Structures are given as structure tokens and as C-alpha cells.
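Working notes, beginning with the structure itself.
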Amino acid sequence: VAALCDDGSLVLDVGCNEGYVASMVMQLNPTTKIVGIDIQANRPALIERRLYDGKRIPFPDNHFDVVMALDVLHHTESPTALLSLLKEMTRVSKRYIIIKDHIARSIVSRWALCFCDILANLPFNVRCTFNYSTEKQWDSYFRAAELKVTERPRRIHFGFGVTEHYNPIFKLEKVSSAQKV
């Protein structure tokens, strides 16, 4: 994630929790400034964090160089809510969105994701909605939010070798008016 943020970027971490990943990104690139938003504050924050309603991001249009959501969007109530939040992220971004989330590739992978999600979130009182998308659904969300994939890092070294297949990272760019034509 740190490699996907340009030097000097102002970044919004949507669903930051305590901001652990954001704090690591800032350690790797001290010129990056990250602020976070979340719907709960059940752990002490390691970064500047604001609470918000989970729907309207409390910042003006085009405020951040990068907006990221890491393992967050599958916690939305529905595909409609996921798309709505993705559009909000696009609204407050000047150019880039970084998404790291899950891909359900089969019924077996969906059950495995559910199991892992419960284990990872239960200790922190994070509600699981099991709103996992397929790759085709992710593509449709990105198009609907007027985003295009510019990078999809490979050979990710965590998650026991399954991360790239089931938990990808997407760097997306806002589609300009000229690109829409």
C-alpha cells in the first residue's frame, strides 16, 4: 500500500479502525499524511481519526490525493451500500482510490471468507455482513463509480499465498471526462 501512495500524498483511510496499517505506511513514507474515518472507536487511534455515519464522508470534494479502504467494503450492508460508499470515496479523492478487499470465487471460498471474517473481527466487535463480491461485481462497481484499475500488485507476501487470489489490492484512478467519451 505504501508503494501505491506518491510522496507527499494526503490520504484518507476509510474504516481505519485504530489506524495500524496507516501508521505503518507513514513510517515507510514519512512524507505521506494519513487521516482516518470509522463508524466506531473501539480501540485507541494511532492516527488522526474521525467518527462518521458510514455513508457521507465528512470532507469536501477532491480533498485527498488518495482514498483507501483496506478490508472494509465487504462490511457494508449491501451491494448498493458498497457502491454508494465507493462513490463517496471517489467524490473526496482528487485522483486515486486504493481498495484491498475480498473476492468470492466459489461457494467454498465464500464460506472460508465468512469463517476468517468472524475470527478476525469478533475480538474487536466489528459486525460482519458477509457482503463478498465476485471479480465481475468488483469490475461493475468500479465502472459505476467511474474508476479504472491502474495497478493490481502481484506477488503479495502475506496471507499464506492466497492473498493475491482472494484478497487483491486495486489502485484505481478517477475516469476523466475525456476518457468517458
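Which one of these is in contact (Cβ under 8 Å) with a residue 40 or more places away in the chain, within 15 Å of A2 (Cβ to Cβ) and of a type in the set (A, V, I, L, M, F, W, C): M68, M24? Exactly one residue qualifies, and that residue is M68.
For every residue, the table says whether it meets (1) modelled with pLDDT under 60; (2) open to solvent by 40 Å² or more (accessible area, probe 1.4 Å).
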position: R143; (1), (2): no, yes
position: E146; (1), (2): no, yes
position: R154; (1), (2): no, yes
position: H157; (1), (2): yes, yes
position: T163; (1), (2): yes, no
position: N167; (1), (2): no, no
position: L172; (1), (2): no, no
position: V181; (1), (2): yes, yes
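Condition test on A45, is it closer than 19 Å to E151 by Cα, without any contact (Cβ under 8 Å) to a residue 40 or more places away in the chain and open to solvent by 10 Å² or more (accessible area, probe 1.4 Å)? So A45 fails the test. Note on the stretch 56-85: residues that are of a type in the set (S, T, N, Q) and within 17 Å of K33 (Cα to Cα) total 1. Of everything listed in (1) assigned to a helix (DSSP H, G or I); (2) surrounded by 16 or more Cβ atoms within 10 Å (Cβ to Cβ), the single unmet condition for F115 is (2). Pick from the stretch 1-28 the residues that are over 16 Å from D71 (Cβ atoms) and charged (D, E, K, R): which of them is most open to solvent (accessible area, probe 1.4 Å)? The extreme case among them is D7. Within the stretch 86-104, being surrounded by fewer than 22 Cβ atoms within 10 Å (Cβ to Cβ) and in contact with a Ser or Thr (Cβ under 7 Å, 6 or more places away or on another chain) holds for I103, A104. Restricting F59, F64 to those that are aromatic (F, W, Y), under 26 Å from S140 (Cα atoms) and touching a strand residue (DSSP E or B) at 6+ places or on another chain (Cβ under 6 Å) reduces the list to F64. Selection of the stretch 71-105 for residues being polar (S, T, N, Q), farther than 20 Å from T150 by Cβ and touching a residue at least 12 places away in the same chain (Cβ under 8 Å) yields T76, S78, S84. In the stretch 129-153, the residues that are closer than 26 Å to D6 by Cβ reach residues that are assigned to a helix (DSSP H, G or I) and among the basic types (K, R) with C-beta atoms within less than 7 angstrom, at least six apart or across chains, in these pairs: A145/K87.
Scanning the stretch 118-138 for residues that are part of a helix (DSSP H, G or I), of a type outside the set (G, A, S) and surrounded by fewer than 13 Cβ atoms within 10 Å (Cβ to Cβ) turns up I118, L119, L122, P123, F124, E135, K136.
The values are calculated or read from the model by the stated rules, or taken from the named source; none is laboratory data. In this text, all values refer to a predicted model and were calculated from it rather than measured experimentally. Virtual Cβ from ideal backbone geometry, glycine too; neighbours counted across all protein chains shown. Ligands, DNA and RNA are stripped out before the accessible areas are found, and what is left, the full protein with its side chains, is counted by its heavy atoms. Shrake-Rupley method; radii C 1.70, N 1.55, O 1.52, S 1.80 Å.
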